[in-house]
Amino acid sequence: MRKKSRRKLFYLLLALFLIVSPLLIAYSLGYNFDFFKGRVGKTGGIFIKSKTARISIFINGTLEKETSLFSGGALLTDIAPQTYLLRLEKEAYQPWSKAVAVEPSIVTEIRNILLLPRPVTYATSTAKEIALFLEKNPPAKLLIDKKDNLIRPEGAAKKILASNVNSFAEFEEYILFVDKNGFLAKMDPATNKIETLGRPGFYLNKNKMTFVKSAGGAIAILDSSGGLFLLESDNKVSALKGGVKKISFDGGGHKLLLTKEQSVEILRLQDNPEQPFQKKGAFEEILKLDSPINEASWFYADNAHIAIRTDAGIFFTEVDGRGGRNTAELVSDKINELLTSEKIPDAVFFRKGKIWFKIKI
């Protein structure tokens, strides 16, 4: 090769290097070149996580990839910022979809995705499972007598712990009770020492109040009118909501499920460290209907889904409401009772008449 030709080749390669290098560096930093618009912009990504393996991932109707035989997780990168329709499919499963907003330099994460089988099948529960449902609570160590005294029976005798009591709950470390003047108090069962925590505004009548303790130590209190109160570990009592029928904590004690007459809500008891990063104290409406909601229960396998019973049947929905919620019908019939349990976390149980059934999810 002549010296002149070598020089031309050198300058040509140098020019290519000077053109391509910035593009490669920009690409490594999350930028992409839009040939149609003739400009460089930052891209984002989508991360999905499902316990179902070998699922097909579609974006705006185009197949992007299929997850592995052993994993339902996938990371899609180099996506231009905008809103997409994300759809997941697998044979013999109901499709899952929602709108996903992709932002520059951010990977949008969607976890706890459940693809339900199609059709949903159920079987009668085993005798062991039924015994678990019907398991009786141990006899109460404390009682309220006819004179509204909180007593501890001791053989034929009784010991009065507090008087003028409306409702109480006994926990391992302490006893909570509300007197007929609306004061909330905490008692040490070892010393019988009583600490008054305040008068938060309970509505009282002959119906007893409900006390539910979370895994994190918080106590949710439901008064006789459906008023919701929260007692936190620092003994601070807060009035939160009205019109609540039933309450239950998720398995980790991070969220409180509120069943109302025609809606279901959750309350965050801790900051959510995962997207969409809800803050402690945030309420979120999960479902609202024109017809009554009979009951709602956590799906304890992931604490990210809820089973809901109405007069029309049982429905299953996700907590993450970004881009719409995937809600599926599990049972299309009138059901007498719905139950989920931390002891069998990956199933939804229901009773029709006297027979219990199980849906494995």
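The values are calculated or read from the model by the stated rules, or taken from the named source; none is laboratory data. Keep in mind that what you see is a predicted model, and the values were worked out from it rather than measured. We place every Cβ from the backbone using ideal geometry, glycine too, and count neighbours over all the protein chains shown. Heavy atoms of the whole protein, side chains included, go into the accessibility calculation; ligands, DNA and RNA do not. Shrake-Rupley method; radii C 1.70, N 1.55, O 1.52, S 1.80 Å.
Using the Cβ atoms and a cut-off under 10 Å, what net charge is assigned to the surroundings of residue 46, where Lys and Arg are +1 and Asp and Glu are -1?
So the surrounding residues net to -2.
Which residue, 139, 104, 273, has the most motion in a Gaussian network model of the chain that connects Cα atoms within less than 10 Å?
So, out of 139, 104, 273, the one fluctuating most is 139.
For the chain, find the longest principal axis of its Cα atoms and tell me its angle to the long axis of helix 3-28, 0 to 90°, nearest 10.
10 degrees
Please get the size of the charge dipole for the chain, origin at its Cα centre, with Cβ charges of +1 on Lys and Arg and -1 on Asp and Glu, quoted in debye to the nearest 20.
1280 debye
Quick one: what are the phi-derived ³J(HN,Hα) couplings along the stretch 267-279, Karplus 6.51/-1.76/1.60 with θ = phi - 60°, whole Hz, x for glycine and proline?
So the J values, rounded to whole Hz, are 10, 7, 9, 9, 4, 7, x, 10, 4, x, 6, 5, 8.
Can you give the FRET efficiency for residue 75 and residue 357, using 1/(1 + (r/R0)^6), R0 = 41 Å, r = Cβ-Cβ distance, to the nearest 0.05?
0.60
Out of residues 5 or more away from residue 337 or on other chains, whose amide H comes under 5 Å of its own, with H placed 1.01 Å from N in the peptide plane?
351
If you place +1 on the Cβ of every Lys and Arg and -1 on the Cβ of every Asp and Glu, how big does the dipole about the Cα centre of the stretch 150-271 come out, in debye to the nearest 20?
420 debye
Whose amide H sits under 5 Å from the amide H of residue 260, counting only residues 5 or more places off or on another chain, with H placed in the peptide plane?
When sequence neighbours closer than 5 places are left aside, the close amide H contacts are 245, 265.
Would you rank 126, 196 by solvent-accessible area, highest first, keeping every protein chain in place and using a 1.4 Å probe?
Sorted descending by solvent-accessible area, the residues read 196, 126.
Starting from the Cα of residue 241, draw a straight line to each of the lysines and keep only those under 26 Å, dropping any in the same chain fewer than 8 residues away.
180, 186, 206, 208, 213, 255, 260, 279, 280, 288
Quick one: if you stick a label point 7 Å off each Cα along the C-beta vector at residue 163 and residue 196, how many nm between them?
1.5 nm
With each run of n ≥ 4 DSSP H residues scored as -39500 (n - 2.57), what mean residue ellipticity at 222 nm is computed for the chain after dividing by its residue count and rounding to the nearest 500 deg cm²/dmol?
Computed mean residue ellipticity for the chain: -3000 deg cm²/dmol.
Length gain on complete extension for the stretch residue 60 to residue 342, per 0.36 nm per residue less the alpha carbon to alpha carbon distance?
Here the answer is 97.8 nm.
For residue 193, which lysines qualify as cross-link partners when the Cα separation must be under 17 Å and same-chain residues fewer than eight apart are set aside?
Correct list for residue 193: 159.
Where a Cα-Cα gap under 18 Å defines reach, which lysines qualify for residue 136, not counting those fewer than 8 residues away within the same chain?
Residue 136 reaches 128, 343, 354.
Using only the Cα atoms of the stretch 292-361, what are the Rg and Dmax in Å?
Here Rg and the maximum Cα pair distance are 11.7, 40 Å.
Pop out the ³J(HN,Hα) list for the stretch 135-145 in order, Karplus 6.51 cos²θ - 1.76 cosθ + 1.60 with θ = phi - 60°, rounded to Hz; leave Gly and Pro as x.
Result, ordered by residue: 4, 7, 5, x, x, 5, 7, 10, 9, 9, 7 Hz.
May I ask you to evaluate 6.51 cos²θ - 1.76 cosθ + 1.60, the Karplus curve with θ = phi - 60°, for each residue of the stretch 107-120 and list the ³J(HN,Hα) values in order in whole Hz, giving x for glycine and proline?
Karplus values, whole Hz, x for Gly and Pro: 9, 6, 9, 10, 10, 6, 6, 10, 9, 8, x, 10, x, 6.
What ratio of Cα Rg to 2.2 N^0.38 Å holds for the chain?
1.38
For the stretch 192-299, state which chymotrypsin sites (Phe, Trp or Tyr not before Pro) are in a DSSP loop and have at most 12 other beta carbons lying within 10 Å of their beta carbon.
277
With the cut-off at 1.5 for a/c, could you classify the stretch 97-192 from its C-alpha gyration tensor as rounded, prolate or oblate?
oblate
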